[in-house]
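Coordinate-derived values only; no laboratory data. Quick caveat, the model's predicted, so the values are computed rather than measured. In this analysis, Cβ positions are derived from the backbone assuming ideal geometry, glycine residues included, and neighbour counts consider all displayed protein chains.
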Ligand SMILES: *Cc1c(COP(=O)(O)O)cnc(C)c1O
């Protein structure tokens, strides 16, 4: 299968090309030329996890990876579970935070790192990425120690939690981190500028590990199938009826992957894209007007995005009929509701964190009692220890992954949000 540039449709590349390039010309996102679909979903759902992932993903990557090469990558990358936990009779959480950095981004980052390593042979490349929190950790851990790959991660200084920061700024080696004087959208804009700079891009062989990279999205399709497989195993066909996913959304990569899964035949009735107060998308779906406001800092900081970079993919799928245009609704949840929801979930016996709480609340607003609502648990509550403890008034134990880095020191450099500073830094270290 080939991938084409959504902005400049004549640019067509293979999977390996899309992975290595990240973004196409004119900042266009790559999109598969067709979406494979499966009619015998039940047979697929009955398969063991790795085998099913290979079946689901191989059509996308078959130009570049054999089934056995893909199987090896998946076995290594997805070496931790995605787990459905019931919350109430018709609500459940899909826990995606059991990987090494305790966030769902481990799925995409670990898959991408192994693909890139396979495709780049021994050529030196630079990964430049912006993070609003969890991407940084997932990317840093996924690429740490891989020869010939230099990783530079930018994040908004002072706008992510200390533990989040420690998870990716303390590794050293091939992982370099920059604390930018600005917000996440500034960091994202700097990445785009670097990609637009042809000379820089070629000199340092630039790549991005942001969720614009198609490999990350493809990886994420797998856990939607896994969620359905677990429901099917528990409840048979009934477990797949009126299935609604509520996705806590920032850059809308997670939602994009879910829409792919639906287009491939997975019986998902519809999606709710849950945002925090950064509500560009819910306002857009209501008014038809795309008018991003300034980014607001919230408790669910990994979703503090006002110009979501995967939206063009979602828009394309809705407009072109790849998925039904009414299958996505979007709800914005404010800070107070988020906190109240964490408390409500704790009363149901489930300790959550702000991102999952936003998604659960959106379900409660938007899904009916007859629908079965699954909300995505994108991060471990301990990653948001301060806010979880102050909201619930009870201590949260640190899992080993976090306890280990909490005592290390931060190795970041501080920088302005001027592109010229970033450019000089990248060239100097090459
Ligand atoms: C990145 C992230 C999100 C948002 O995911 P997108 O794919 O960017 O929409 C939600 N929750 C957490 C914890 C995250 O790290």
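What does the extension gain come out to for residue 297 and residue 390, with contour length at 0.36 nm per residue minus their alpha carbon separation?
Working: separation 93, 0.36 × 93 = 33.48 nm, distance 1.76 nm.
Value of the extension gain: 31.7 nm.
Once every DSSP H run of n ≥ 4 in the chain is given -39500 (n - 2.57) and the sum is divided by its residues, what mean residue ellipticity at 222 nm do you get, rounded to the nearest 500 deg cm²/dmol?
Helices in the chain give a 222 nm mean residue ellipticity of -13000 deg cm²/dmol.
Sticking to Cα atoms, compute the Rg of region 1-134 to one decimal and its Dmax as the biggest Cα-Cα distance, whole number, in Å.
16.8, 53
For region 94-144, what are Rg and Dmax over the alpha carbons, in angstrom?
11.5, 38
Using only the alpha-carbon atoms, what does region 97-192 span along each of its principal axes? Please give whole angstrom values in decreasing order.
Sorted from largest, the Cα extents of region 97-192 read 37, 30, 21 Å.
Using a 10 Å cut-off around each Cβ, can you sort 68, 300, 277 from fewest to most neighbouring Cβ atoms?
68, 277, 300
If we restrict to alpha carbons, what Rg and Dmax does region 60-151 come to, in Å?
15.3, 53
Neighbouring Cβ atoms within 10 Å as the yardstick, rank 222, 405 fewest first.
Listed from fewest to most nearby Cβ atoms, that is 405, 222.
Between residue 62 and residue 336, with labels modelled 7 Å along Cα→Cβ, what's the label distance in nm to one decimal, could you check?
Using points 7 Å along Cα→Cβ, the separation is 5.5 nm.
For a footprinting-style exposure proxy, rank 380, 355 by other Cβ within 10 Å, fewest first.
380, 355
Take the Cα atoms of the chain, find their three principal axes, and give me the spread along each one in whole Å, biggest first.
Largest to smallest, the principal-axis extents are 58, 50, 44 Å.
Which distance in Å, rounded to a whole number, links the C-alpha centroids of region 378-400 and region 244-301?
Rounded to whole Å, the Cα centres lie 25 Å apart.
Placing one identical point scatterer on every Cα of region 192-255 and ignoring solvent, what is log10 I(q)/I(0) from the Debye formula at q = 0.21, 0.22, 0.28 Å⁻¹?
-0.91, -0.96, -1.13
Apply 1/(1 + (r/R0)^6) to the Cβ-Cβ distance of residue 325 and residue 38, taking R0 = 25 Å, and write down the FRET efficiency to the nearest 0.05.
Numbers: r = 22 Å, r/R0 = 0.89.
E(calc), rounded to 0.05, equals 0.65.
Can you give me the Rg/Rh ratio for region 254-395, using Cα atoms for both radii and the Kirkwood formula for Rh?
0.97
Over the alpha carbons of region 159-305, what is the largest minus smallest coordinate on each principal axis, giving the biggest first in Å?
53, 39, 34
Compute the length gained on full extension between residue 117 and residue 406: take 0.36 nm times their separation in residues and subtract their Cα-Cα distance, giving the result in nm to one decimal.
Stretched out fully, the residue 117 to residue 406 stretch lengthens by 101.1 nm.
Testing the spin-label approximation: label points 7 Å from Cα along Cα→Cβ at residue 398 and residue 238. State their distance in nm.
The two pseudo-label positions are separated by 4.5 nm.
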